[in-house]
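Presented below is the structure to which this report refers.
Please treat every number below as a calculation from the coordinates, not as lab data. Just so you know, these numbers come straight off a predicted model, no measurement behind them. Please note: Cβ atoms are built from the backbone with ideal geometry, for glycine as well, and neighbour counts cover all protein chains shown.
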């Protein structure tokens with residue numbers, strides 16, 4: 001999930017596919033080899049082949065998913081068996097767009113929400129990375145498809 005910038009480390013990737021809600025922003029994304037614009041709250045099926053990705057990155061957008069179990073199942077479907085899912089988030093959000101459960105809990109509760117989304121999608125959480133929890137919290141949940 002992306003917009004005009006992917007924030008990926010500078011290195012050569014075999015293929016980067018960006019997803020977002022704004023076609024103009026996706027077009028500006030210099031990291032993306034290809035992109036698709038789709039509202040996952042309306043259409044939860046990713047237009048991607050089974051097992052075709054070694055990584056899926058869901059950055060700063062998990063709080064807006066209305067049907068997370070279906071979307072996380074799709075993440076698992078498109079990942080290779082040894083692939084990785086990284087779901088990252090902060091304490092920031094657009095309150096009118098974030099789902100109620102997300103708005104009404106703290107960072108610890110949000111980690112639990114993402115764990116439950118992974119479980120619902122058949123994805124196993126390996127670890128949770130936290131940075132700056134007291135000042136400017138950032139969390140990354142690292143998970144893999146259950147084999």
Measure off 7 Å from each Cα along the Cα-to-Cβ vector at residue 27 and residue 50, then give the distance between these two points in nanometres to one decimal. 3.6 nm
Could you tell me what percent of the DSSP beta bridges with both partners in the chain are antiparallel, to the nearest 5? 60 percent
Dividing the convex hull volume of the alpha carbon atoms of the range 33-147 by its residue count, what do you get in Å³ per residue? 109 Å³
For the residue 7, residue 80 Cβ pair and Förster radius 22 Å, calculated FRET efficiency rounded to 0.05 is 0.45
When the chain is fully extended, how far beyond the present Cα-Cα distance does residue 146 get from residue 108, taking 0.36 nm per residue of separation? 11.3 nm
Between residue 127 and residue 66, take the C-beta separation as r, use R0 = 30 Å, and let me know the FRET efficiency to the nearest 0.05. 0.65
Rounded to the nearest 500 deg cm²/dmol, what is the calculated helix-only ellipticity per residue at 222 nm for the chain, with -39500 (n - 2.57) per DSSP H run of length n ≥ 4? -6500 deg cm²/dmol
Extending each Cα 7 Å along its Cβ direction at residue 135 and residue 14, get the distance between those two points in nm, one decimal. 3.9 nm
Kindly state, to the nearest 0.05, the FRET efficiency for residue 34 paired with residue 101, given R0 = 25 Å and r defined as their beta-carbon distance. 0.15
Sorted by Cβ density within 10 Å, fewest first, the residues 93, 107: 107, 93
Note down the relative contact order for the chain as a percent, whole number, built from C-alpha pairs under 8 angstrom at least six residues apart. 20 percent
Could you tell me the center-to-center distance, by alpha carbons, between the range 21-88 and the range 127-147 in angstrom? 18 Å
